[in-house]
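First up is the structure itself, then whatever we jot down about it.
Each reported figure results from applying straightforward, stated rules to the coordinates on display, with no laboratory input. Just so it is clear, the model here is predicted, and its values are computed rather than measured. Here the Cβ positions follow ideal geometry from the backbone for every residue, glycine too, while neighbour counts run over all protein chains shown.
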Amino acid sequence: MRILIVEDEAPLAEILRYNLEDEQFETAVARDGLEALIALDEQPPDLVVLDWMLPELSGLEVCRTMRRKPELRNIPVIMLTARSEEDDRVRGLDAGADDYLAKPFSPRELVARIRAVLRRAGNRLDAEPLCVGGVEMDLEQHRVRRGGREITLAPTEYRLLKVLMDRPGRVYSREQLLDLVWGRDIYIEPRTVDVHVRRLRKALNAVGDRDLIRTVRSAGYAFEPANA
Ligand code: CA
């Protein structure tokens with residue numbers, strides 16, 4: 001699990017990074033709101049710990065921007081703030097934050113909140129089928145349908161499709177897909193990705209169907225619903 005920490009107070013960012021890595025999370029740190037948006041686009045994390053008071057762009061604005069972008073919409077956000085007014089709490093949650101923590105807090109408290117939010121996000125995502133561009137992925141039953149037609153996929157193709165469908169339109173490089181589908185610790189030739197994309201396309205596209213997987217030259221692949 002990868003967590004993006006957005007915090008301009010360097011000592012606090014460092015404490016959070018240390019504690020989260022101690023809990024086996026991978027971390028990245030952004031020091032202001034604009035840096036956060038760039039980091040989010042480059043490598044979307046599994047969760048964002050977002051300070052409210054930031055230079056350039058406030059945490060509230062970062063959160064609103066995330067909720068407007070389909071590829072970032074489902075990433076959970078925990079807001080941090082020095083203010084503990086009930087009003088602020090409501091504003092934070094209104095902007096789309098999943099939880100809210102007033103400073104000062106203990107790193108243990110934050111870790112507990114992170115685990116709770118990730119658990120809720122996981123449950124929510126697994127309970128609802130993923131439906132994009134006429135393809136329906138039932139994550140509980142591991143079944144895939146396109147326009148009502150049942151599609152049989154091998155486990156690797158299934159995971160590949162899940163990663164691509166989670167963020168429609170986002171272009172993934174072969175290296176990113178290797179990390180996300182096969183895992184970071186395994187060494188596999190980047191070309192292996194092409195083989196599995198070919199198999200996925202073959203399974204997904206019946207004769208006359210539009211190809212939903214876009215090949216982006218020298219960049220990678222993306223799942224493109226028809227109306228994107
Ligand atoms: Ca701050």
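Side notes on the structure shown:
- Projected label distance in nm at ILE38 and ASP211, using a 7 Å step from Cα toward the beta-carbon: 3.4 nm
- Cα gyration tensor category, rounded, prolate or oblate, for region 1-61 with a/c compared to 1.5: oblate
- Value of Rg to Rh for the chain (Rh from inverse mean 1/r over Cα pairs, i.e. Kirkwood): 1.01
- Counting other Cβ atoms within 10 Å as a rough exposure proxy, the listed residues TRP52, TRP182 run TRP182, TRP52 from fewest neighbours to most.
- Candidates ARG31, ARG191, ARG170: whichever shows maximal mean-square fluctuation once the chain is modelled as a Gaussian network with Cα springs under 10 Å: ARG191
- Computed label-point distance, nm, for sites GLU175 and LYS69 using a 7 Å Cα→Cβ extension: 2.0 nm
- Three-way shape call for region 127-223 based on the alpha-carbon gyration tensor, with the a/c threshold at 1.5: prolate
- Listed residues PRO70, PRO104, PRO45, most fluctuating in the chain (Gaussian network, C-alpha, under 10 Å): PRO104
- Within a Gaussian network of the chain (alpha carbon springs, distance under 10 Å), most fluctuating of GLY33, GLY96, GLY148: GLY148
- Distance between region 138-152 and region 1-79 - C-alpha centres, whole angstrom: 34 Å
- Reciprocal of mean inverse Cα separation for region 18-91 (Kirkwood radius, Å): 13.0 Å
- Burial ordering of MET165, MET137, MET1, fewest other beta-carbon atoms within 10 Å first: MET1, MET165, MET137
- Using a Förster distance of 25 Å, the FRET efficiency for ASN19-LYS103 (Cβ separation, nearest 0.05): 0.95
- 29 Å Cα-Cα reach of LYS69 towards lysines, excluding residues that sit fewer than 8 places from it in its own chain: LYS103, LYS162
- Listed from fewest to most Cβ neighbours within 10 Å, the set VAL135, VAL90 follows the order VAL90, VAL135.
- Share antiparallel - DSSP beta bridges, the chain, percent rounded to 5: 45 percent
- Tensor-based shape of region 2-125 (alpha-carbon gyration tensor, a/c under 1.5 rounded, otherwise prolate or oblate): rounded
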